[in-house]
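All remarks here apply to the structure that follows.
The values are calculated or read from the model by the stated rules, or taken from the named source; none is laboratory data. None of the values given here were measured: they were computed from a predicted structure. Cβ coordinates were reconstructed from backbone atoms using ideal geometry, including for glycine residues, and neighbour counts include every protein chain displayed.
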Amino acid sequence: MNGILSRSELRAAARESLFGNWGKSIAVFLIYVAITISLGFIPFFGQLVLILITGVFTLGMALYFIRLARGEDPSVSSLFEGFERFVKVFLLTLLMGIFTLLWSLLFIIPGIIAGYRYSQAYYILIDNPDISALEAIRRSKEMMAGHKWRYFVLQLSFIGWYLLCMLTLGIGALWLAPYMAATNAHFYENLRHCNGSFGIAPPPDSLGIYPS
């Protein structure tokens, strides 16, 4: 299947990736939540540590799910691999936060758009570990040109799952979070394969749904 994938095709690809991997994927999400909540309850020091490592775990989540989307067999330890490039990941997170905040000062809508504009930066840094944080942001902006609305509608398509989470007192999030993360990883993969201007060598196409 070539070209830009539809929302339903991206979600189907995510479900295929998660088949047989739901347990590990939920474990990754639970570890992430447990660490962030635990640190959040520690006054000052824990919250300071949380600020420092949030980006590291965000990259770790992206790394786990991008490997899953590429047909690999990622381990739960992928969540912690961001520590290997702590300074660059922290700088990326800091710059994204500052830029998004500055746009938000104009109005909430520009801030949301900025968040979508920078949404691919972690994946790009994973595939290009030698580039700077600013370069990852620049490439994300270039990659998302003309695709921000598509990304917004993709996120909106999970609204039924959000309602289910509310009805189940949050228990449904155990499935929703991995489902969304896998779908977002496939969004990046599809976008990357449809635009060869980012200097990223394509991985083995084990799922056979992306054009080379």
Fill in: Unique residue being in contact with a Leu (Cβ under 6 Å, 6 or more places away or on another chain), at pLDDT 90 or above, over 18 Å from Ala182 (Cα atoms) and crowded, with 17+ Cβ neighbours inside 10 Å when the list is Val28, Val89, Val49
Val89
Discussion item. Criterion first (free of Cβ contacts under 8 Å to residues at least 40 places away in the same chain, over 21 Å from Ile124 (Cα atoms), among the hydrophobic types (A, V, I, L, M, F, W, C) and part of a loop (DSSP other than H, G, I, E, B)) does Ile42 satisfy it?
Written reply: yes
Worksheet item: Within region 117-126, is there a residue that is modelled with pLDDT of 95 or more, hydroxyl-bearing (Ser, Thr, Tyr) and either in a helix (DSSP H, G or I) or on the phi > 0 side of the Ramachandran plot (or both)?
Response: yes
Worksheet item: In region 1-9, is there at least one residue being more than 18 Å from Asn128 (Cβ to Cβ), hydrophobic (A, V, I, L, M, F, W, C) and touching an Asp or Glu at 6+ places or on another chain (Cβ under 8 Å)?
Response: yes
Discussion item. Being among the aliphatic types (A, V, I, L, M), assigned to a loop (DSSP other than H, G, I, E, B) and at pLDDT 95 or above: is that true of Ile131 here?
Written reply: yes
Item to complete: Identify all residues within region 1-14 that are more than 15 Å from Tyr64 (Cα to Cα) and assigned to a helix (DSSP H, G or I); write none if there are none.
Response: Arg7, Ser8, Glu9, Leu10, Arg11, Ala12, Ala13
